[in-house]
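**Student:** One structure, as C-alpha cells, below. Some questions next.
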Amino acid sequence: MDVIDSADPAARAATPGESAATAPDEAETFVLRVEGLNAFYGDFQAVAEVDLDIRGNEITALIGPSGCGKSTVLRCFNRMNDLIEVARVEGSVRYHGVDLYGPNVDAVEVRRRIGMVFQKPNPFPKSIYDNIAFGPKIAGYQGNMDDLVEESLIKAALWTEVNDKLRESAFALSGGQQQRLCIARAIATSPDVLLMDEPCSALDPIATLRIEELMTELKRDYTIIIVTHNMQQAARVSDRTAFFTVDAEREQRTGVLVEFGETATMFTRPTQQKTEDYITGRFG
Amino acid sequence: MTQVRRRFHEELEDLERDLMAMGEMAESMLGEAIDILVNPEHPAKKAEIEALVDRDDAVDDLYLSIERRWHEVMAMQTPVAVDLRLMSAMLHINAHLERMADVAVNIAKTARKVRRLPTSDVILGYIREMGDVARHMIRTAMESFATRNHELATQLPDMDDDVDRLNGRMYREVRKCDEDSELLEWGIRMMVISRHLERVGDHAVDIAEQVAFLLTGVFREFNEDTSPDVDDD
Amino acid sequence: MATGTVDTTTVVRKALEGKRLNVGGLVFEWGMLLLLLSSLLVLVVLLGDIVSGAIPTFRARGFDFVTSGLSLNPETAGVSTAIVGSIAITAVVAVVAFPIGIGAAIYLEEYAPDNRWTRFVDTNIRNLAGVPSIVYGLLGLAIFVRLVDVVGLGGQTGGKNIFSAGLTLAVLVLPIIIITSAEAIRAVPNSIREAGVGVGATPWEVVRHHVLPSAAPGILTGTVLTLARAFGETAPLIVIGVATGFFGAAADATVLERATGPYTALPVVVFSWSRQSVGAFGDTLAPAAIVVLLFVLFVANAGAIILRNRYEKTW
C-alpha cells in the first residue's frame with residue numbers, strides 16, 4: 001500500500017476481468033483506495049482503521065449489522081458526511097489516486113463524479129425531466145439537454161416507461177420507477193462511480209430485482225458500491241463483499257472491517273468466524 | 001452470541017440427526033446381512049431377509065423425507081457459507097447411506113439364494129473381514145461428520161486400501177473354485193458381494209470427503225491416484 | 001368438527017356483539033359539545049351586536065361609507081382614509097419584514113451551526129413573539145420615529161407617519177414570520193437536500209432550487225396571516241402617534257407629502273370612534289368600520305389559502 005503520486009486523476013477505470021495482481025498501474029485498477037479511514041461524529045468514533053480497495057467496473061457490497069458504520073464509509077466516498085457538522089474523517093480516500101480529503105479538493109466536484117442513490121427514492125418535487133436536468137444544469141452543461149435526459153433515462157432502464165410523460169410529476173411514478181429515476185439523475189452528471197445506500201429497502205421484491213438487474217447492466221460503465229442489509233442481495237449482485245461489524249473490544253460501538261473478498265468466496269467459505277456467524281444468522 | 005435463525009438451524013439439526021440415524025441403520029443392516037451370509041450354522045431364513053427388506057424400506061422413507069425437507073430448507077432458507085456446505089454435504093451423505101442399505105439387502109438376498117451351495121472358508125473369511133472394515137469405515141465417517149473431526153475423516157482412505165486389497169485377493173481365491181461348478185457359482189456370487197463391499201468402502205470415503213469439504217470449504221478427492229481395480233494383484 | 005365451528009362462532013359472536021353503554025364517554029362528549037356551543041354563542045352575540053349596529057349606517061350610506069374620507073360630520077365620515085393608511089402600513093411591513101424574516105429563517109435552518117448561541121437566538125425569537133404589542137409601540141416611538149425623521153422621510157409629522165408605523169409593526173411580526181418560515185423550511189424533508197447535494201449542488205443552490213420552492217406554500221401562508229395580524233394592530237400605532245382625530249392633506253400635496261404626512265389605520269378609527277360614547281360615531285359608525293375591518297381580514301385569509309393552494313400545484 002504505497003503512495004501513488006503519478007496517477008492521472010482523469011484516468012478511467014481498468015477493464016474488468018483483468019487480473020488485479022498483474023495490473024501495472026494501481027490507480028487504473030482501483031478506482032477508490034481507502035487507507036486507515038477513521039470517521040467520527042463528535043466524540044463518537046463510528047468507523048476505525050478501514051482499508052478498502054474498490055476495483056473499477058465491479059459491484060462492491062458493504063454488509064454488516066446496524067451501526068457497523070457501512071453507511072458512514074459509503075458517505076466518505078463522496079464527502080456526504082460534510083453535511084453533518086460534527087462529522088470528521090481521518091485517513092485517506094484516494095479516487096484515481098487523488099485524495100478526496102486533500103486541501104484543494106472541491107466537494108461539489110467530487111459529488112458530480114461520484115453519484116449517489118439513497119435509501120428512500122427521493123426525486124425532487126419537479127417533473128421527471130427537471131429531476132434529471134437539474135444536476136447537469138448547475139454544472140453548466142453545454143450540450144443538448146433533451147438528449148442527455150433521454151440517454152440517462154435509457155441507461156436507467158426507465159425511458160420506455162416515461163418517454164411520453166417527461167413533463168409530469170416525478171411523484172406520479174411508482175416507488176421502483178422513482179428509484180430508477182434517481183439512478184438516472186445520478187448518471188446525468190456523468191460520474192464514474194455510483195454509491196447506493198440501501199437502494200431497494202423501500203421497494204417491493206419485483207422492483208428490487210429490476211434494480212439489481214439494472215445494477216449488473218450499469219457495471220459496464222460504472223463502478224458501483226452498494227450498502228445493503230439484504231445479504232442475499234449482496235450475494236446476488238456484487239462481485240466483492242466487505243463485511244463490517246461492531247468491534248466488541250472497543251468502548252464505543254465502533255465499526256470495523258472484518259473481511260473483504262470475492263462475494264462467491266464470502267458466501268461459501270468466509271475466512272473469518274465473525275463473517276460466518278453473521279451471514280449464517282448465528283449473530284445476535 | 002444469540003441465534004437469530006433458530007428455526008432454520010433447528011431444521012438443519014433435525015436433518016443431521018436423521019442422517020446419523022440412517023448411518024446407524026445402514027451400518028447395522030450391513031452387519032446383519034453379512035452375519036446371515038457367513039454363518040454356516042445360520043442358514044438364511046426368509047423371515048430374516050424380509051425383516052431386512054422392511055428395514056430398508058424404513059431407510060428409503062427416511063432418505064425421501066430428508067431429500068424433501070432438504071429441498072424445502074434450500075428453497076425457503078437460502079443457506080450460505082458453512083450452512084450451505086452442510087446442506088451440500090448432507091445431500092451427498094444421504095445418497096451414499098441409502099445405497100449402503102441397498103447393498104445390505106442385496107447381500108441378504110444373495111445369502112438366501114446360495115444357502116444350499118458349498119462354501120469356501122477362506123472366501124467367507126475375506127467377506128467377514130471386508131464387512132468388518134466397511135462397517136468400521138461407515139462408523140468412522142459418520143463419527144467424523146457428527147463431531148466435525150477433520151483428522152478422523154482423513155483416515156478413511158487408508159481403511160479403504162484394506163478393503164481394496166481384500167477385494168483383489170478375492171479374485172484369486174474365486175479362480176481356485178473352478179473344479180466344482182457349484183462352488184464356482186457360489187464363488188462368483190461372493191465375487192459380486194465383494195465388489196459391493198468395496199463400493200461401500202468407496203461410499204464411506206466419499207462421505208469423509210464431504211466432511212472435509214464441510215470443514216475446510218475446499219473440495220478435493222482423497223487419493224484419487226489409487227482408483228480401485230478389481231483385477232489389481 | 002362442525003359443532004366445534006358453530007361453538008366458536010357463537011362464542012365469538014357473543015364477544016363481538018355485546019353492547020355496553022359507555023356512560024362516562026357520553027357525558028364527556030355532550031359536555032364538550034356544550035362548551036363549544038357556548039363559545040360559539042359568545043361569538044354570534046358579538047357579531048350580531050356589531051352587525052345590527054352597522055346596518056343603519058350601510059342602509060343610509062351604502063358603499064359611500066367605504067369611499068368617504070375622514071370627517072367631523074358623522075353624516076359624511078367614512079373609512080377610505082383609514083383603509084388607505086392600513087394598506088400602506090401593511091405594504092411597508094411586507095417590504096421590510098418578508099425579506100428579513102425569511103432570510104433569518106433560512107439562515108437559522110440551513111446555515112447556522114447547531115450550538116449554544118444559535119439555540120439562544122432561537123429561544124429569544126420565540127420569546128419576542130409573546131411580547132405585548134404596546135412594548136413594540138414604545139420601541140417604535142424611541143427608535144423608528146426618529147430614524148424615519150433622520151433619513152429625511154419625517155415630513156410635516158416629524159417621523160410619525162406610515163413609515164415609522166410600518167417599521168414598528170414589521171418588528172412586531174418579524175418573530176412570527178421567522179418562526180413560521182423556519183417551521184416551513186424545517187418541514188422540507190432532508191432527503192431533498194441530500195438529493196440536491198448528491199448531484200453536485202452547492203448549499204445555496206439546494207436552498208434556492210429545492211428547499212425554498214418546497215417551503216414556499218408554508219412560508220406564504222404564515223406570512224399572509226401575519227400581515228393580517230399587523231393589519232389589525234392598534235395599540236403600538238397609538239403610542240407612535242397615529243392620528244386619532246380629523247386631519248386632511250392639502251389638495252395640491254405631492255405623493256411624498258401625503259405619504260410622510262399624518263395617517264390613520266382602520267382599527268385606530270374603530271378605536272377613536274367608539275370612544276365617542278354618544279352620537280352616531282360610537283353607535284353606528286364604529287360598528288360599520290368593524291364590519292369593514294373584519295371583511296378585509298376575511299379576504300386576506302381567503303387570499304392566503306388560495307395562494308397556498310395555487311403555489312402547491314405549480315412546482
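**Student:** Can you find a residue in segment C:162-174 that is in a loop (DSSP other than H, G, I, E, B), closer than 30 Å to C:Ala253 by Cα and touching a residue at least 40 places away in the same chain (Cβ under 8 Å)?
**Tutor:** no
**Student:** Could you say which residue among A:Val117, A:Val47, A:Val98 is in contact with a Phe, Trp or Tyr (Cβ under 9 Å, 6 or more places away or on another chain) and of a type in the set (A, V, I, L, M, F, W, C)?
**Tutor:** Among A:Val117, A:Val47, A:Val98, only A:Val47 is in contact with a Phe, Trp or Tyr (Cβ under 9 Å, 6 or more places away or on another chain) and of a type in the set (A, V, I, L, M, F, W, C).
**Student:** So, one more: Working only within segment A:163-189, note down all residues that are surrounded by fewer than 20 Cβ atoms within 10 Å (Cβ to Cβ) and more than 11 Å from chain C (Cβ to nearest Cβ).
**Tutor:** The answer is A:Asn163, A:Asp164, A:Lys165, A:Leu166, A:Arg167, A:Glu168, A:Ala172, A:Ser174, A:Gly175.
**Student:** Scan segment A:105-129 for residues that are facing another protein chain (nearest Cβ under 7 Å), in a loop (DSSP other than H, G, I, E, B) and not basic (Lys, Arg) and report the count.
**Tutor:** So the answer is 4.
**Student:** Please go through (1) in contact with a helix residue (DSSP H, G or I) (Cβ under 6 Å, 6 or more places away or on another chain); (2) outside any loop (DSSP other than H, G, I, E, B); (3) among the small types (Gly, Ala, Ser) for A:Ala157 and return the number of the only condition it doesn't satisfy.
**Tutor:** So the condition that A:Ala157 fails would be (2).
**Student:** Looking at C:Ala82, C:Ala54, which one is at pLDDT below 95, under 17 Å from C:Leu169 (Cα atoms), surrounded by 10 or more Cβ atoms within 10 Å (Cβ to Cβ) and not aromatic (Phe, Trp, Tyr)?
**Tutor:** C:Ala82
**Student:** Hey, among the residues in segment A:30-68 that are among the acidic types (Asp, Glu) and not in a strand (DSSP E or B), which one's modelled with the highest pLDDT?
**Tutor:** If we take residues in segment A:30-68 being among the acidic types (Asp, Glu) and not in a strand (DSSP E or B), then A:Glu58 is modelled with the highest pLDDT.
**Student:** At pLDDT below 95, within 14 Å of chain A (Cβ to nearest Cβ) and surrounded by 18 or more Cβ atoms within 10 Å (Cβ to Cβ): does that describe B:Val38?
**Tutor:** no
**Student:** Quick one: which residue in A:Thr280, A:Thr254, A:Thr265, A:Thr223 is buried (at least 17 other Cβ atoms within 10 Å of the Cβ), on the phi < 0 side of the Ramachandran plot and within 14 Å of chain B (Cβ to nearest Cβ)?
**Tutor:** When all the criteria are applied, what remains is A:Thr280.
**Student:** Also, quick follow-up: What number goes with the only condition from (1) away from chain C (no Cβ under 14 Å); (2) within 15 Å of C:Val199 (Cα to Cα) that A:Arg94 does not pass?
**Tutor:** (2)
**Student:** Given (1) closer than 21 Å to B:Met100 by Cα; (2) free of Cβ contacts under 8 Å to residues at least 40 places away in the same chain, where does B:Val218 come up short, assuming only one miss?
**Tutor:** (1)
**Student:** Every residue in segment B:95-143 that is in contact with a Cys (Cβ under 9 Å, 6 or more places away or on another chain) and either among the charged types (D, E, K, R) or surrounded by 20 or more Cβ atoms within 10 Å (Cβ to Cβ) (or both), please.
**Tutor:** Listed by number, the list holds a single entry, B:Ile123.
**Student:** Looking only at segment B:25-71, which residues are free of Cβ contacts under 8 Å to residues at least 12 places away in the same chain and part of a helix (DSSP H, G or I)?
**Tutor:** Result: B:Ser28, B:Asp35, B:Ala47, B:Glu50, B:Ala51, B:Asp54, B:Asp57, B:Asp61, B:Leu64, B:Arg68, B:His71.
**Student:** Looking at segment A:113-150, which of its residues are surrounded by fewer than 20 Cβ atoms within 10 Å (Cβ to Cβ), among the hydrophobic types (A, V, I, L, M, F, W, C) and either over 22 Å from A:Leu195 (Cβ atoms) or out of contact with any helix residue (DSSP H, G or I) (no Cβ under 7 Å at 6 or more places or on another chain) (or both)?
**Tutor:** A:Met145
**Student:** Also, quick follow-up: When you check A:Glu85 against the structure, is it within 14 Å of chain C (Cβ to nearest Cβ) and surrounded by fewer than 22 Cβ atoms within 10 Å (Cβ to Cβ), yes or no?
**Tutor:** Considered against the rule, which asks whether it is within 14 Å of chain C (Cβ to nearest Cβ) and surrounded by fewer than 22 Cβ atoms within 10 Å (Cβ to Cβ), A:Glu85 comes out as yes.
**Student:** Can you tell me which residue is nearest to C:Leu169 (Cα to Cα) among those in segment C:98-112 that are among the small types (Gly, Ala, Ser) and without any contact (Cβ under 8 Å) to a residue 60 or more places away in the chain?
**Tutor:** The qualifying residue nearest to C:Leu169 (Cα to Cα) is C:Gly103.
**Student:** Output yes when any residue across segment B:167-176 is surrounded by fewer than 17 Cβ atoms within 10 Å (Cβ to Cβ), part of a helix (DSSP H, G or I), among the polar types (S, T, N, Q) and at pLDDT below 95, and no when none is.
**Tutor:** No, that holds for no residue.
**Student:** For segment A:170-206, give me the residue count where each residue is free of Cβ contacts under 8 Å to residues at least 60 places away in the same chain and touching a Ser or Thr at 6+ places or on another chain (Cβ under 6 Å).
**Tutor:** The total comes to 3.
**Student:** Same structure again: Can you name the residue in segment C:76-121 that is in contact with a Leu (Cβ under 9 Å, 6 or more places away or on another chain) and assigned to a loop (DSSP other than H, G, I, E, B) and is also farthest from the other protein chains (Cβ to nearest Cβ) among such residues?
**Tutor:** Here the residue is C:Ala77.
**Student:** Can you tell me how many residues within segment B:77-117 are within 14 Å of chain A (Cβ to nearest Cβ), of a type outside the set (A, V, I, L, M) and touching a helix residue (DSSP H, G or I) at 6+ places or on another chain (Cβ under 7 Å)?
**Tutor:** Number satisfying all stated conditions: 5.
**Student:** Next question. Just name the residue that is nearest to A:Asn230 (Cα to Cα) out of those in segment A:268-277 that are of a type in the set (Val, Ile, Thr) and at the interface with another protein chain (Cβ under 8 Å from one of its Cβ atoms).
**Tutor:** So, considering only residues that are of a type in the set (Val, Ile, Thr) and at the interface with another protein chain (Cβ under 8 Å from one of its Cβ atoms), the one nearest to A:Asn230 (Cα to Cα) is A:Thr275.
**Student:** Give segment A:215-250 a look and list any residue that's within 13 Å of the chain's Cα centre (by Cα), within 17 Å of A:Thr263 (Cα to Cα) and assigned to a loop (DSSP other than H, G, I, E, B), or say none.
**Tutor:** A:Lys219, A:Thr228, A:Ser238 - these are the residues of segment A:215-250 that are within 13 Å of the chain's Cα centre (by Cα), within 17 Å of A:Thr263 (Cα to Cα) and assigned to a loop (DSSP other than H, G, I, E, B).
**Student:** Something else about it: Do the conditions hold for C:Leu227, that is, is it touching a Gly at 6+ places or on another chain (Cβ under 7 Å), closer than 14 Å to C:Ala94 by Cα and away from chain A (no Cβ under 12 Å)?
**Tutor:** no
**Student:** Being under 20 Å from A:Ala184 (Cβ atoms), among the hydrophobic types (A, V, I, L, M, F, W, C) and touching a Lys or Arg at 6+ places or on another chain (Cβ under 9 Å) is the filter; apply it to segment C:190-212 and report the residue that is farthest from the other protein chains (Cβ to nearest Cβ).
**Tutor:** Restricting to residues being under 20 Å from A:Ala184 (Cβ atoms), among the hydrophobic types (A, V, I, L, M, F, W, C) and touching a Lys or Arg at 6+ places or on another chain (Cβ under 9 Å), the top hit is C:Val206.
**Student:** Inspect segment B:43-58 for any residue being within 14 Å of chain A (Cβ to nearest Cβ) and surrounded by 14 or more Cβ atoms within 10 Å (Cβ to Cβ) and give the result as yes or no.
**Tutor:** The answer is no, given that none of the residues of segment B:43-58 is within 14 Å of chain A (Cβ to nearest Cβ) and surrounded by 14 or more Cβ atoms within 10 Å (Cβ to Cβ).
**Student:** All but one of (1) more than 14 Å from every other protein chain (Cβ to nearest Cβ); (2) more than 17 Å from C:Tyr311 (Cβ to Cβ); (3) in contact (Cβ under 8 Å) with a residue 24 or more places away in the chain hold for C:Gly158; which doesn't?
**Tutor:** (3)
**Student:** Determine whether A:Val73 is more than 8 Å from chain C (Cβ to nearest Cβ), part of a strand (DSSP E or B) and not basic (Lys, Arg).
**Tutor:** no
**Student:** For segment C:143-161: of the residues being among the β-branched types (Val, Ile, Thr) and in a helix (DSSP H, G or I), which is surrounded by the fewest Cβ atoms within 10 Å (Cβ to Cβ)?
**Tutor:** C:Val150
The values are calculated or read from the model by the stated rules, or taken from the named source; none is laboratory data. All figures in this text were calculated on a predicted structure; none of them were measured in a lab. We place every Cβ from the backbone using ideal geometry, glycine too, and count neighbours over all the protein chains shown.
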